[in-house]
Amino acid sequence: MTIAWRPRSVRVRLALWHLVALVAVLALYAGGVFVFVRHSLMANLDGQLHEDFERAEDAFARNPDGTLSYLIADREPPDPADPDTSAGPWVVVWALDGRPLYRDALAPAPVAAWASGGVAVRPSFRSAQAPDGTWLRELTGRGDLAGGAAIVRIARSEERVRRETRGLLVVLLLGLPIACGIAGFGAYLVARRALAPIDRMTTAARGITAARLADRLPIDNPDDELGHLASVFNATFSRLEASFEQLRRFTADASHEMRTPLTAIRAVGEVGLREPRSSQEYHEIIGSMLEEADRLNRLVESLLTLARADSGGARLLREPVDLGGMAREVVEHLSVLAEDKQQAVTIEAPQPVVVQADRLVLRQALINLVDNAIKYSPAHGQIRIVVAAEPSDVTVTVQDTGPGIAPEHIERIFERFYRIDKSRSRGAGGAGLGLSIARSAVEAHGGRIEVECAQPAGTVFRIVLPRGNPQQA
Ligand code: ADP
């Protein structure tokens, strides 16, 4: 069974990863240094043996009986306390057939042993261990001694090289964990310092609740990664705050709008019940209550429409719709209101313009615009509806001769429940939702609503739909 241990802190994880990488790099480095030093020490020793070999070739004289005399024979006896004087070099010489010709009296046993099997023409190096456990390095080769060929072996102690490499190994092995310990601790401190802003962000984020949405995360350095992260979070918090605020305002406005007709129904009912009345009076009271109920109904319908659009649940049932025909239907539908105010409504649709749209949704948008035009234009006003096909899109323009809309309101009239003149508009029956509904209906079709002032007076609302689907018949 394997147990995957995973430290919970990023700080510890970073420090551990750093440590693992460091151990690997340091181990490789230490191994490289060790191999290099050992190799150069050995190469030094071998170079020395080579020189000894050449010197030995010149240091022999041949006696008349064929034996050899070593001319540098009287060396001082080695001092066992001084490793350097017991380090050689020792010389041993054989005739080509293996007969011993000369042996340094101090040469350790393995040096004097005849290498059976002959000796290669090229000199060869070899490490061997003496009976006392010390190591020797030998060079054996064919040499030219006082005019005759012979096998010459030169040996030196390898102990010094071994001692030095052992010392180096100990230093490296002891130094590695100490270096790693210091580096690991350093990595932990660096990681802690680098991640400290995250701790501060976590604490700040924990404090941001629905009640304290205005708080923001601290940003130490806006240009680094953590600064970017905090900025993104802060932007999200800003959007959240805006939607919370919008929701809060919407709920407050909706409750307020509903309370007005409910209060009216209640008040009319209470007054009606206060004393006995004629059936004519009851008739009027009930009629006025039904009117308020109707207003409430319209409000709830509007809210439902917006809620559906918000949740994206309003699936469009697209079909070919002739915009001129739709304008005529809408005017027909609202003609009673216009006639009440003796307004003239004209439609200009010189050619049929057909778009792929949800007939009911688009019709509602147009009804809201024409209804507003009628509502806000004075008696005897003129309302002009123009359907046109542009090269890139199609437009339905509704122009009236009403009071117009001041620039400071233009930005806000599409907001929910926004009314320029609350008393005037409520009297006319609006809750400030008509334009919001119209805009969401048009946007659902990929279009937009533009608004501008008409000359000399009045307002122009324009529904602009993309020509993607529309076909001009
Ligand atoms: P309402 O139900 O109050 O009409 P709307 O969302 O349709 O709500 O319109 C928002 C506000 O924009 C209205 O209260 C009104 O003040 C202003 N408005 C809309 N249409 C016109 C118009 N044609 N002329 C002047 N003002 C308008």
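Convex hull of alpha carbon positions in the chain: directionally averaged projected area 50.8 nm². This model, with +1 at the C-beta of Lys and Arg and -1 at the C-beta of Asp and Glu, gives segment 217-315 a dipole about its Cα centre of some 480 debye.
In the chain, the portion of solvent-accessible area held by carbon and sulfur atoms comes to 58 percent [1.4 Å probe, whole percent, DNA, RNA and ligands not counted].
Each residue of segment 202-213 was assigned a 3J(HN,Hα) from its phi angle through the Karplus curve 6.51 cos²θ - 1.76 cosθ + 1.60 (θ = phi - 60°); the sequence is 4, 4, 5, 5, 5, x, 8, 10, 4, 7, 10, 6 Hz, with glycine and proline shown as x. When every Cα-Cα distance of segment 318-472 is counted in 10 angstrom steps from zero, the calculated P(r) takes the values 11, 43, 36, 9, 0 percent.
Across the chain, C-alpha contacts under 8 Å between residues 6 or more apart give a mean separation that, scaled by the residue count, equals a relative contact order of 10 percent. Once the Cα atoms are used to define both axes, helix 323-340 deviates from the longest principal axis of the chain by about 40 degrees. Ligands, DNA and RNA are left out, and with a 1.4 angstrom probe the accessible area of segment 282-397 is 54 Å² per residue. Amide H contacts of GLU158 (H built 1.01 Å from N, in plane; Pro and chain starts excluded): TRP135, LEU136, ARG137 sit under 5 Å, all sequence-distant by 5 or more or on other chains. For the chain, the longest principal axis of the alpha carbon atoms and the long axis of helix 279-310 meet at an angle near 20°. Taking the longest Cα principal axis of the chain as reference, the axis of helix 359-376 is set at about 60 degrees. Roughly what % antiparallel, to the nearest 5, for the DSSP beta bridges in the chain? DSSP beta bridges in the chain are roughly 90 percent antiparallel. Overall shape: prolate for segment 353-414, with the ratio a/c of the largest to smallest alpha carbon gyration tensor axis at 1.5 or above and a/b above b/c.
Among rounded, prolate and oblate, which fits segment 284-407 when a ≥ b ≥ c are the square roots of the eigenvalues of its C-alpha gyration tensor, a/c under 1.5 means rounded, and a/b larger than b/c means prolate? It is oblate, given that a/c is not under 1.5 and a/b is not larger than b/c. In the chain, helices alone account for a calculated mean residue ellipticity at 222 nm of -18000 deg cm²/dmol, with every DSSP H run of four or more residues adding -39,500 (n - 2.57).
The values are calculated or read from the model by the stated rules, or taken from the named source; none is laboratory data. These numbers were taken from a predicted model, which means no experiment stands behind them. So basically every Cβ, Gly included, is an ideal-geometry build from the backbone, and we count neighbours across all protein chains shown. Each accessible area value is taken on the protein alone, full model and side chains, heavy atoms only, with ligands, DNA and RNA left out. Shrake-Rupley method; radii C 1.70, N 1.55, O 1.52, S 1.80 Å.
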